[in-house]
Amino acid sequence: MLEQGDRVDKPKRQIQPYALKASEGWTYRFGIDFTLKASEIQLGNGAAFMEYVTKKGEEPPNHTHQTEDEIFYVLDGSITFQCGETTFDLEKGGFIFLPAGIDHGYTISSDDPVRLIVVTAPFREGSSRGWGGFVSDMELGQGKLIAKPPFTE
């Protein structure tokens, strides 16, 4: 905890704040087009953020990421994720967390396209209390937990 008068050194980062409009970003064709909003390889970043649209027939084969957790948020459409032996059916507003090291993939059964946000973050072995950001502060007692998902009851 900082005391009054303590000096806080700003982290030495080369990245500057930026904002992007809905269709802006760094778009890469990697089988399909992914629009990168925040880069994994930019100095100092702790996560990557991208948006993409995909449809039936464009699904990747099941695969495993050894170095990163993956988070998907469904903006439009419906999609079924497989993670290990478990399947998850998601629709607009649905969320899934896919931990590093577990075989996973997805299928699209409808003819409608699916629009997704994907966040990837490095897997940090042995870290159970976050990296000291505002989210860990909130989770560790500075915020009041007012609701939690049913599977945790």
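Determine the sum of side-chain charges near Val53: Lys and Arg each +1, Asp and Glu each -1, restricted to other residues whose C-beta is under 10 angstrom from that of Val53. Don't skip to the end; give the middle numbers.
Working: positive: Lys55, Arg115; negative: Asp33, Glu51, Glu58, Asp76.
Within the 10 Å Cβ shell, the charges total -2.
Full-extension gain between Ile102 and Asn45, please, as 0.36 nm times their residue separation minus the C-alpha to C-alpha distance.
18.2 nm
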Next item on the list: For Asp69, list long-range residues whose amide hydrogen, built 1.01 Å from N in the peptide plane, is under 5 Å from its own amide hydrogen.
Entry: Ala100, Ala121, Phe123
Next item on the list: Determine the sum of side-chain charges near Val118: Lys and Arg each +1, Asp and Glu each -1, restricted to other residues whose C-beta is under 12 angstrom from that of Val118.
Entry: -3
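Where a number appears in this text, it was derived from the coordinates with a stated rule and is not lab data. Please read all numbers here as calculations on a predicted model, not as lab measurements. Ideal geometry is used to build each Cβ from the backbone, glycine not excepted, and the neighbour counts take in all protein chains shown.
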